[in-house]
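Contents: one structure, followed by commentary.
The values are calculated or read from the model by the stated rules, or taken from the named source; none is laboratory data. As the structure is a prediction and not an experimental result, all values here were calculated from the model. Neighbour counts are summed over all protein chains in view; Cβ atoms, including those assigned to glycine, are modelled from backbone coordinates with ideal geometry. Protein only, heavy atoms only, side chains kept; ligands, DNA and RNA dropped before computing areas. Shrake-Rupley method; radii C 1.70, N 1.55, O 1.52, S 1.80 Å.
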Amino acid sequence: MKKLMATIKGVRAFVTVVRDTSSLEPIFQLRESFTNPKMLTPMIADLKAQSAEARTAFRILRRLPPWNFAALDALPEGSLGRHFAEHVRAAGIDPAALPSLPAHDEFEYVAAHLYETHDLWHALTGFDIDVAGELGLQAFYLAQQRSALSLSILSAGMLNTAIYAMDDRVRRLDAISVGWGMGRYAKTLFGIDWESLLPESLEQVRARYRIVPVTQAFKQVKLAA
């Protein structure tokens, strides 16, 4: 009965996301449908196989401290941390709005880590926070992780496009295509020590992890076409 109720809740959340892609709450509810050990065990195994940093992160359950934007503003111009602070302000994001999830074991850690680093992935890749940008980043996630949640969000986004936003289909599909390619090319980002990277040059961090900024990736795709 508990499993059935969780499935029903997940389906309802999925339908809500299809209708309204701007609300975070149904995304949080949808996540709960994909947090059982049966689904997460192969994902965790894949991440550990891909990256020594991911293996370390799972061993120590590495977390980010609360954001101190005064300290980020004091970092050198062009640093990842300074760029992240500017990105957050420009986008009107309130990182405190995301729930701080517990991480007592590897299964809980997956969601906790991805929640608290999501906006850093945005800043590093250059994806916007509109629907097209979010779908592009989910495609990036899916290219790097065996994530049923990302695939579900992409599916909901495509249904939303078909029913409500056909005029935006080109931007959204371009973002998904580019995000998938970027994620395949880049080194695994899950579990990296983000805190230690904040003072470093944004360009150096991108080079280290083979991140092609989304604007450059779009240009390459258009040239190839």
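At q = 0.15, 0.22, 0.29, 0.33 Å⁻¹, what log₁₀ I(q)/I(0) does a Debye calculation on the Cα points of region 155-197 give, no solvent, two decimals? So the normalised log intensities work out to -0.55, -0.76, -0.96, -1.08.
Which length gain, in nm to one decimal place, applies between residue 118 and residue 209 when the Cα-Cα distance is subtracted from 0.36 nm times their residue separation? Roughly 31.1 nm would be gained on extension.
When 129, 163, 211 are compared by accessible area of protein heavy atoms, the largest-first order is 163, 129, 211, using a 1.4 Å probe. Between 48, 187, 38, the GNM of the chain built on Cα springs shorter than 10 angstrom shows 38 fluctuating the most.
Given region 134-220, report the % of alpha carbon pairs whose separation exceeds 22 Å. Here the long-distance tail beyond 22 Å is 33 percent of all Cα pairs in region 134-220. Dividing the summed helix terms, -39500 (n - 2.57) for each DSSP H run of n ≥ 4, by the number of residues in the chain produces a 222 nm estimate of -21500 deg cm²/dmol to the nearest 500. The gain in end-to-end length when the residue 56 to residue 108 segment is fully stretched comes to 17.2 nm, 0.36 nm per residue minus the alpha carbon separation. Accessible-area rank, largest first, for 83, 118: 83, 118, with all protein chains present and a 1.4 angstrom probe.
Rg over Rh for region 20-113 works out to 1.02, using Cα positions for both radii and the Kirkwood form for Rh.
Taking amide H as placed 1.01 Å from N in the peptide plane, the amide H of residue 79 sits under 5 Å from that of 202, each at least 5 places away or on another chain.
Taking every protein chain into account, the 1.4 Å probe leaves residue 104 with about 150 Å² of accessible area, to the nearest ten.
Taking all protein chains together and rolling a 1.4 Å probe, residue 134 ends up with roughly 50 Å² accessible. Within 15 Å, Cβ to Cβ, of residue 52, how many net charges do the neighbouring residues add up to if Lys/Arg are +1 and Asp/Glu are -1? With Lys, Arg at +1 and Asp, Glu at -1, the neighbours total +3.
Springs between alpha-carbon atoms under 10 Å, Gaussian network over the chain: tell me which of 94, 46, 73 tops the mean-square fluctuations. Sorting by GNM fluctuation, first place goes to 94. Largest first, the three principal axis extents of the alpha carbons in region 59-171 are 44, 35, 23 Å in whole numbers. Expressed as a whole percent, the accessible surface of the chain that belongs to carbon and sulfur atoms is 58, based on a 1.4 Å probe. Shape analysis of the chain yields a ratio of the Cα radius of gyration to the Kirkwood radius, Rg/Rh, of 0.95.
Heavy-atom accessible area with a 1.4 Å probe sorts 192, 176, largest first, into 176, 192.
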